[in-house]
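Visitor: Quick one: structure below, then a few questions.
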Amino acid sequence: MNLKLWITVAASCLSTAALAQDSNKLVIEGEALVTETAAPAHMENVDTIYSGWRFRSSETQALETDDFDNPGFVFLDQGVDLFEKVDGSEGKACASCHEDIEDFAGLRTQLPRVQDGKLASMEDLVNECRTERMGAKPWKWSGGQMTAMTGLIGLQSRGMPVNVEIDGEAAPFWEKGKELYYTRVGQLDMACSNCHENNFGVMIRADHLSQGQINGFPTYRLKNAKLNSIHARFKGCMKNIRAEPFKEGGDEFKALELYLASRGQGLSVETPSVRN
Amino acid sequence: MKRAFGLAAVAALATSAALAETVAPTNVALVDGVIKTSLTGQPGDAGVGRKVFANRKQGNCLACHTNSDLSEEIFHGEVGPPMDGVADRWSEGELRAIVTNSKQVFEDTIMPAFYIESGYERPLEKFAGKSILSAQQVEDVVAYLMTLKEE
């Protein structure tokens, strides 16, 4: 077989494999996670939702199945130290009030949620504790301390189904997020839906398009070797389509976060997931 | 001194003559899915167009289209239709229209318009008011696409 033919054959095998999400099952430390389930009723154009894990290579997938191999855990260990560390004018650490970190089980599944009329992401809750109760400075939204902490808190919900509130007080925020999801922006003039709803499962150059689910955040990316916040990922996506990103922690990204979380209702929390 | 000035004047004249023949994005005559004539008044260079097609900072067409003619590039996207034989399926005027502003040919397409400089929201500052490709790059890509024949 000549070289060119061999390359063609290899390429066609690759493209067959890349036609859709794979059928692998995610088991982490012996626990089976839900990476595929029926789409929630509000999603008009999609029948089945899949975790981004299902679109990654087997090598990347494997890293998430063992906490020792998962590079995100290095940062969660830093989170454990931060949790115990006294900071601010009140002489308190997180652990001063939250004696058992496991009490946060379930929190990740509900966020973002409306509190006092405002939409609050986990980063808001962490910084509220720091500024209001510890007398400490707020952490940067996507900084290393924040992602270490949101990763550690998120881990307590791993395996539990995403279950955000979208009705009642949350409805106007959810509607705003939905509108953003379908609005084209940037010089490339694309909406989230163009890639992640209409074209998930196909290759865009070297990348296998997923549904853009956020059930695994903060996520460890091989690309930058650190934990990445949800809003930082939104920012990266917007820059890719040559759009001026919204502000991390701003109303737009929080609304989009709520809408995207709701498109993943029923998927297991995978924090800290591993992606490329 | 005089001679240098004269050369500069000639160069300036030549430049303005070339500019005068280039159709600005807002003046492009895209009618019934066709742009009949070159956007620059010049023919495209298929060799340059091949590079623009593959270049991630330029056309980056490979991000979404497979193309056997560029088999030396390892990753080809699958979002849009394959480019093999594209010249058998479309005329030059149709391809020029699709590359220039696909949304005026295919409603709701994901494909960006490569020769518009307004009409998109929230562009990053460095791209604001600019088209993705220049008029000549569009012509070069169209010339290249016209070489992709199977029949």
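No lab work stands behind these numbers, since they all come straight from the coordinates. Note that the structure is predicted; figures quoted are calculated from it, not measured. With ideal geometry, Cβ positions are generated from the backbone for all residues, glycine too; neighbour counts draw on all protein chains shown.
Visitor: Please give the peptides B:81-92, A:96-107 ranked by average Cβ packing (other Cβ atoms within 10 Å per residue), highest first, as a rough proxy for protection.
Guide: In decreasing order of mean packing, B:81-92, A:96-107 become B:81-92, A:96-107.
Visitor: Further, regarding this structure: Stretch residue A:133-residue A:85 to full length: gain in nm at 0.36 nm per residue minus the Cα-Cα span?
Guide: This chain segment gains 15.9 nm when fully extended.
Visitor: Could you tell me the center-to-center distance, by alpha carbons, between segment B:19-90 and segment A:57-87 in angstrom?
Guide: A separation of 45 Å, based on Cα centres.
Visitor: Under 20 Å from the 7 Å Cα→Cβ point of residue B:56, by amide nitrogen: which residues of segment A:41-84?
Guide: From segment A:41-84, the list is A:56-57, A:60.
Visitor: Still on this structure, I have one more. Can you give me the three principal axis dimensions of segment A:33-147 from its C-alpha atoms, in Å, biggest first?
Guide: Its Cα atoms span 50, 39, 24 Å along the three principal axes.
Visitor: Sticking with this structure for a sec: Considering only B:148, B:71, B:104, whose Cα is most displaced toward the positive end of the charge dipole of segment B:39-151, charges sitting on Cβ of Lys, Arg (+1) and Asp, Glu (-1)?
Guide: Of B:148, B:71, B:104, it is B:104.
Visitor: Once fully extended, how much extra length lies between residue B:71 and residue B:37, figured as 0.36 nm per residue of separation less the alpha-carbon to alpha-carbon distance?
Guide: Length gained, residue B:71 through residue B:37: 9.2 nm.
Visitor: May I ask you to derive the FRET efficiency for residue A:205 and residue A:66 from their Cβ-Cβ distance with R0 = 25 Å, giving the value to the nearest 0.05?
Guide: 0.25
Visitor: Mind checking A:188-199 for the average number of partner chain beta-carbons within 10 Å of each residue's beta-carbon?
Guide: 4
Visitor: Can I ask one more? Would you please give the FRET efficiency between residue A:29 and residue A:57, computed as 1/(1 + (r/R0)^6) with r the Cβ-Cβ distance and R0 = 25 Å, to the nearest 0.05?
Guide: E(calc), rounded to 0.05, equals 0.75.
Visitor: Along the charge dipole of the protein assembly as shown, Cβ charges K/R +1 and D/E -1, which of A:104, A:119, A:181 sits furthest on the positive end?
Guide: It is A:181.
Visitor: Still on this structure: To the nearest 0.05, how large is the calculated FRET efficiency for residue B:147 and residue A:115 if R₀ is 45 Å and r is the Cβ-Cβ distance?
Guide: 0.15
Visitor: Under a 10 Å cutoff between Cα atoms, tell me which one of A:117, A:212, A:186 has the largest fluctuation in the Gaussian network model of chain A.
Guide: Most flexible of the set in this elastic network: A:117.
Visitor: What do you get for the angle between helix B:2-21 and the principal long axis of chain B? Use alpha-carbon atoms, 0 to 90 degrees, nearest ten.
Guide: Rounded to the nearest ten degrees, it is 40.
Visitor: Assuming a ≥ b ≥ c are the square roots of the Cα gyration tensor eigenvalues, decide whether segment B:82-138 counts as rounded (a/c under 1.5), prolate (otherwise, with a/b larger than b/c) or oblate.
Guide: prolate
Visitor: Taking springs between alpha-carbon atoms closer than 10 angstrom, which of B:27, B:60, B:101 fluctuates most in the Gaussian network model of chain B?
Guide: B:27
Visitor: Additional query: To one decimal place, what Kirkwood hydrodynamic radius in Å is obtained for the protein assembly as shown from all pairs of distinct Cα atoms?
Guide: Evaluated over the protein assembly as shown, this radius sits at 24.2 Å.
Visitor: Further question on the same structure: Going 7 Å from the Cα of residue A:74 along its beta-carbon direction, which residues of segment A:209-235 have the amide nitrogen within less than 13 Å of the resulting point?
Guide: Correct set: A:220-227.
Visitor: Within 10 Å of each Cβ of B:72-82, how many other protein chain Cβ atoms are there on average?
Guide: 5
Visitor: Top mean-square fluctuation among A:51, A:23, A:157, Gaussian network model of chain A, C-alpha springs under 10 Å?
Guide: Checking each option, the largest mean-square fluctuation is seen for A:23.
Visitor: Next question, about the same structure. Hey, what's the Kirkwood Rh for segment A:21-276 if you take every pair of different alpha carbons, in angstrom?
Guide: 18.5 Å
Visitor: Before rounding to the nearest 500, sum -39500 (n - 2.57) across all DSSP H runs of length at least 4 in chain B and divide by the residue total; then give [θ] at 222 nm in deg cm²/dmol.
Guide: Computed ellipticity for chain B at 222 nm equals -11000 deg cm²/dmol.
Visitor: Would you mind calculating the gained length between residue A:97 and residue A:38 on full extension (0.36 nm times residue separation, minus the Cα-Cα distance), in nm to one decimal?
Guide: 17.4 nm
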